[in-house]
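In what follows, a structure is listed as structure tokens, so that the remarks can point back to it.
The values are calculated or read from the model by the stated rules, or taken from the named source; none is laboratory data. Since the structure is predicted, the reported quantities are computational estimates derived from the model, not experimental observations. Cβ sites come from the backbone with ideal geometry, for glycine too, and all protein chains shown count toward neighbours.
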Amino acid sequence: MKSVSILLRSLCLGEIAKRCDEITEKAGREGWSHERYLRELCELEITRRAQRRTERLLKESHLPDGKTMATLDQERLPLKVRRQVPTLLEGHFVEEMENILAFGLPGRGKSHLLCAIARELILKRGCRVLFIPAVKLVQQLLIAKRDLKLESALRRLDGFDLVLLDDIGYTQQSREEMEVLFTFLSERYERKSLMITSNLIFSEWDKIFKDPMTTAAAIDRLVHHSIILELDGESYRMQNAKNRKQKGGGTN
């Protein structure tokens, strides 16, 4: 006769199988009812499955390590942006298929802020997120187009609730690259959410899309349902470098 542990594993109840003896002993010692005993086992399995799902979502997101809400210095964000953060963390913009567009010069914390928000949406809401530099996305789509698999690649990206496209301002190459990027943006329009960081303000986006009509169409699709975050002030990296230099100078 098969053991209870083997039967539980055959039903893919791995956490219950692992903890069954421990919980059974505790239940007997404390005189639990059958209902409480069963509830405890079920809650263990549900909790562990939720943890595994979160771990899987974090791994597939490719979010950079270290860019979290805990490591984000919110005091250095512009006041208007700081006030928007709690609402963004609720994640309603994903349900409403809105975009988040973060603009600012290098080192202002655009990527850190959006990555931190995206990570919280995975942890708290179970959102399926993908972080990808714009240049990398364009290259992947070009390869897919060359191999006649562009539709398949776009369908895979469509599986993510939220795509965080980082540094779109660096995508300033050929017309073919511009076309696949525009195709991607159009595919997600009013269907799925985007987060985008850019060093270029909209008036400079002709450097990305080259063609004025395509530039206008891309901006129109992104802005139609969007929340815009403007990050100005001093560069985080420059300020951190100054602080290190000052500390070093104080020890001489």
Can you pull out the residues in the range 54-88 that are farther than 29 Å from G107 by Cα and surrounded by 13 or more Cβ atoms within 10 Å (Cβ to Cβ)? T54
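In the range 35-45, what residues are out of contact with any helix residue (DSSP H, G or I) (no Cβ under 9 Å at 6 or more places or on another chain) and not basic (K, R)? Lay out the reasoning, then the answer.
Residues of the range 35-45 that are out of contact with any helix residue (DSSP H, G or I) (no Cβ under 9 Å at 6 or more places or on another chain), as a first pass: 35, 38-39, 43.
E35, L38, E43, listed by residue number.
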Checking the structure you have, find out if any residue of the range 80-87 is within 17 Å of the chain's Cα centre (by Cα), in the same structural domain as I228 (by TED's automatic domain parsing) and on the phi > 0 side of the Ramachandran plot. no
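Please go through the range 2-34 and pick out each residue that is out of contact with any helix residue (DSSP H, G or I) (no Cβ under 7 Å at 6 or more places or on another chain) and among the charged types (D, E, K, R). Break it down into steps so the answer makes sense when it comes.
Just the residues of the range 2-34 that are out of contact with any helix residue (DSSP H, G or I) (no Cβ under 7 Å at 6 or more places or on another chain), to begin with: 2-3, 6-7, 10-12, 14, 18, 21-22, 24-26, 28-34.
Answer for the range 2-34, where residues must be out of contact with any helix residue (DSSP H, G or I) (no Cβ under 7 Å at 6 or more places or on another chain) and among the charged types (D, E, K, R): K2, K18, D21, E22, E25, K26, R29, E30.
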Out of all the residues in the range 76-112, which are of a type in the set (S, T, N, Q) and in contact with a Leu (Cβ under 9 Å, 6 or more places away or on another chain)? Q84, N99, S111
Among helices (runs of 4 or more DSSP H) completely within the range 1-116, the ones holding 2 or more residues that are among the acidic types (D, E) are 14-30, 34-61
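Return the only residue of L123, L130, L114, L162 being surrounded by fewer than 17 Cβ atoms within 10 Å (Cβ to Cβ), within 13 Å of the chain's Cα centre (by Cα), modelled with pLDDT of 95 or more and closer than 20 Å to K67 by Cα. So that I can check it myself, show each step before the final result.
Details: L130 fails: surrounded by fewer than 17 Cβ atoms within 10 Å (Cβ to Cβ); L114 fails: surrounded by fewer than 17 Cβ atoms within 10 Å (Cβ to Cβ); L162 fails: surrounded by fewer than 17 Cβ atoms within 10 Å (Cβ to Cβ).
Unique residue meeting the criteria: L123.
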Name the residue that is nearest to G159 (Cα to Cα), counting only residues in the range 67-125 that are polar (S, T, N, Q) and in contact with a helix residue (DSSP H, G or I) (Cβ under 6 Å, 6 or more places away or on another chain). N99
Please determine, by comparing only the residues of the range 43-53 that are surrounded by fewer than 13 Cβ atoms within 10 Å (Cβ to Cβ) and of a type in the set (A, V, I, L, M, F, W, C), which one is nearest to L164 (Cα to Cα). A50
Only residues in the range 14-38 that are in contact (Cβ under 8 Å) with a residue 24 or more places away in the chain count as the first member; pair them with residues that are part of a helix (DSSP H, G or I) and of a type in the set (K, R), Cβ under 7 angstrom, at least 6 apart or cross-chain, and list the lot. E15/R48
Consider G107 against the criteria (1) small (G, A, S); (2) outside the structural domain of Y189 (by TED's automatic domain parsing); (3) at pLDDT below 90: it satisfies all of them except one. Which criterion is unmet? (2)
So which of V94, V180, V138 is under 12 Å from the mean Cα position of the chain (by Cα) and surrounded by 20 or more Cβ atoms within 10 Å (Cβ to Cβ)? V94
